[in-house]
Amino acid sequence: QVQLVESGGGLVQAGGSLRLSCTASGRAFSNNAMGWVRQAPGKERVFVAAINWSGESLYYVPSVKGRFTISRDNSKNTVYLQMNSLKPGHTAVYYCAAGSADSEYVPPVTYWGQGTQLTVSS
């Protein structure tokens, strides 16, 4: 059974940093594009960042460019989201997302994690 498990969320003060991790199990994800999606209360899900299988192609929503960095370690089946200079507006549930095998981009999303809460206090 394929699972994406996020970790690293929590409560942080504005201006602080946090790193989210997403580890896949059930099969290797080295050939899958992966990404992070956030959903703030009462709002739709928004793709925050994405990375292709090799890590050479990256996408960031403009609002997080320069603050967030997505990376992956295929040997650990893990994708990361380093978040710096956090603001209260970044408060949301962050979901890990993966495309299908041999996908170059996400979306479309084939696999979802259960989400991890990030709360940024002012």
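The values are calculated or read from the model by the stated rules, or taken from the named source; none is laboratory data. Predicted, not measured: the structure shown is a model, and the values here were computed from it. Backbone-built Cβ (ideal geometry, glycine too); neighbour counts: all protein chains shown. Each accessible area value is taken on the protein alone, full model and side chains, heavy atoms only, with ligands, DNA and RNA left out. Shrake-Rupley method; radii C 1.70, N 1.55, O 1.52, S 1.80 Å.
Below, the figures for the structure above:
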quantity: Pair list, Cβ < 7 Å and 6+ apart or interchain, from segment 12-35 residues that are under 19 Å from residue 56 (Cβ atoms) and free of Cβ contacts under 8 Å to residues at least 60 places away in the same chain to residues that are in a loop (DSSP other than H, G, I, E, B) and open to solvent by 50 Å² or more (accessible area, probe 1.4 Å); calculated: 30/53
quantity: Sole exception among (1) touching a residue at least 60 places away in the same chain (Cβ under 8 Å); (2) surrounded by fewer than 18 Cβ atoms within 10 Å (Cβ to Cβ); (3) within 10 Å of the chain's Cα centre (by Cα) for residue 94, by number; calculated: (2)
quantity: Subset of segment 97-122 that is of a type outside the set (Gly, Ala, Ser) and touching a helix residue (DSSP H, G or I) at 6+ places or on another chain (Cβ under 9 Å) - its residue that is most open to solvent (accessible area, probe 1.4 Å); calculated: 119
